[in-house]
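Quick one: the structure is below, questions incoming.
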Amino acid sequence: KLSKRLEEVVKSIMPNSVIADIGSDHAYLPCYAYLNGYIKGAIAGEITDGPFQSAREQVKKTELEHVIEVRKGNGLAVISPNEVDCITIAGMGGSLIRTILEEGKEKLEGVKRLVLQPNIGAANIRKWLMEHQWSIIDEKILEDDGRIYEIIVAEKGNPLDNYNDHIEAGLLLGPVLMKRKSDIFKKKWNHELKHAEQIVEQLNKGATSSEGQVKKERFEKEITLIKEV
Ligand code: SAM
């Protein structure tokens with residue numbers, strides 16, 4: 001059984017596509033996606049030896065070697081241009097996902113959809129998507145095992161359509177999520193708001209170094225954006 005988090009990632013894959021799952025660990029995602037009829041085939045990429053071996057064992061155990069290939073390497077280096085229709089990258093920080101996309105830019109040729117699930121720092125990904133003409137077609141926010149996760153689904157297109165006049169807030173909170181304002185979304189951002197307010201309060205107490213000042217301004221900006229939404 002797949003975690004709710006990864007199941008939601010799978011549901012956002014284009015039907016009948018060939019995917020690359022980067023940072024696949026046990027290759028649970030591609031195996032589940034194939035066995036449940038979501039995909040035609042997959043490449044599971046892993047940079048670390050342990051997870052790479054686990055992925056190979058899982059694919060072997062489920063007898064999916066003919067449709068899921070496990071490859072070892074850094075990010076998108078494991079795929080060629082036009083080899084896959086859709087890329088999933090889940091369970092990492094937003095800045096690492098951003099780096100993987102940036103370093104593998106030329107491999108994105110032919111890729112129609114990205115399904116990205118950052119554990120933190122989703123704004124890094126939204127900025128990268130905006131800078132590279134990927135448009136956010138859907139976002140999800142969910143709670144799984146006591147943690148809140150976001151999923152960003154993007155296709156080639158004009159990113160400015162996502163944001164209208166609210167670029168800064170949209171990059172931080174998610175253009176789709178901030179329109180929908182689900183209960184989990186509110187829970188997350190109430191929590192983030194309190195956290196940011198505590199930091200600013202703390203910084204107000206101490207002597208302000210220029211570093212502290214920059215940090216304070218960053219969190220004050222965040223507070224303004226959250227309250228706006
Ligand atoms: N995607 C799975 C999930 O969401 O449950 C596994 C997440 S696990 C926390 C992150 C995995 O990404 C690790 O197995 C790690 O080895 C792999 N990883 C980290 N950086 C990577 C990179 N640059 N290229 C490929 N894999 C990477």
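When you scan region 90-99, do you find a residue that is within 11 Å of the ligand (Cβ to nearest atom), within 16 Å of Ala44 (Cβ to Cβ), not in a loop (DSSP other than H, G, I, E, B) and not aliphatic (A, V, I, L, M), even just one?
Yes, because at least one residue in region 90-99 is within 11 Å of the ligand (Cβ to nearest atom), within 16 Å of Ala44 (Cβ to Cβ), not in a loop (DSSP other than H, G, I, E, B) and not aliphatic (A, V, I, L, M).
Yes or no: Leu129 under 24 Å from Leu225 (Cα atoms), modelled with pLDDT of 95 or more, within 12 Å of the chain's Cα centre (by Cα) and outside any helix (DSSP H, G or I)?
So Leu129 fails the test.
Would you check if there is a residue in region 62-83 being exposed (fewer than 13 other Cβ atoms within 10 Å of the Cβ) and either in a strand (DSSP E or B) or within 13 Å of the ligand (Cβ to nearest atom) (or both)?
Looking through region 62-83, none of the residues is exposed (fewer than 13 other Cβ atoms within 10 Å of the Cβ) and either in a strand (DSSP E or B) or within 13 Å of the ligand (Cβ to nearest atom) (or both).
Could you tell me whether any residue of region 67-88 is in the same structural domain as Tyr149 (by TED's automatic domain parsing), of a type in the set (Gly, Ala, Ser) and touching an Asp or Glu at 6+ places or on another chain (Cβ under 7 Å)?
Scanning region 67-88, I find at least one residue that is in the same structural domain as Tyr149 (by TED's automatic domain parsing), of a type in the set (Gly, Ala, Ser) and touching an Asp or Glu at 6+ places or on another chain (Cβ under 7 Å), so the answer is yes.
Just the residues that are away from the ligand (no atom under 14 Å from the Cβ) and among the small types (Gly, Ala, Ser), please, taken from region 100-111.
Answer for region 100-111, where residues must be away from the ligand (no atom under 14 Å from the Cβ) and among the small types (Gly, Ala, Ser): just Gly110.
Continuing with this model, one more query. Quickly run through region 33-47 and pick out the residues that are surrounded by 19 or more Cβ atoms within 10 Å (Cβ to Cβ) and more than 7 Å from the ligand (Cβ to nearest atom).
Ala33, Tyr34, Tyr38, Ile39, Ala42, Ile43, Ala44, listed by residue number.
Can you find, within region 112-136, the residue that is farthest from the ligand (Cβ to nearest atom) among those that are of a type in the set (Val, Ile, Thr) and without any contact (Cβ under 8 Å) to a residue 60 or more places away in the chain?
The extreme case among them is Ile136.
Under 6 Å by Cβ, and 6 or more places apart or on different chains, what pairs join a residue from region 34-46 that is more than 12 Å from Glu69 (Cα to Cα) with one that is buried (at least 21 other Cβ atoms within 10 Å of the Cβ)?
That search, which allows pairs on different chains as well, returns Tyr38/Val10; Tyr38/Ile13; Ile39/Ile19; Ile39/Ala33.
The values are calculated or read from the model by the stated rules, or taken from the named source; none is laboratory data. The shown structure was predicted, so the numbers you read here are calculated from the model rather than taken from an experiment. Positions of Cβ are generated from backbone atoms using ideal geometry, with glycine treated the same way; all protein chains shown enter the neighbour counts.
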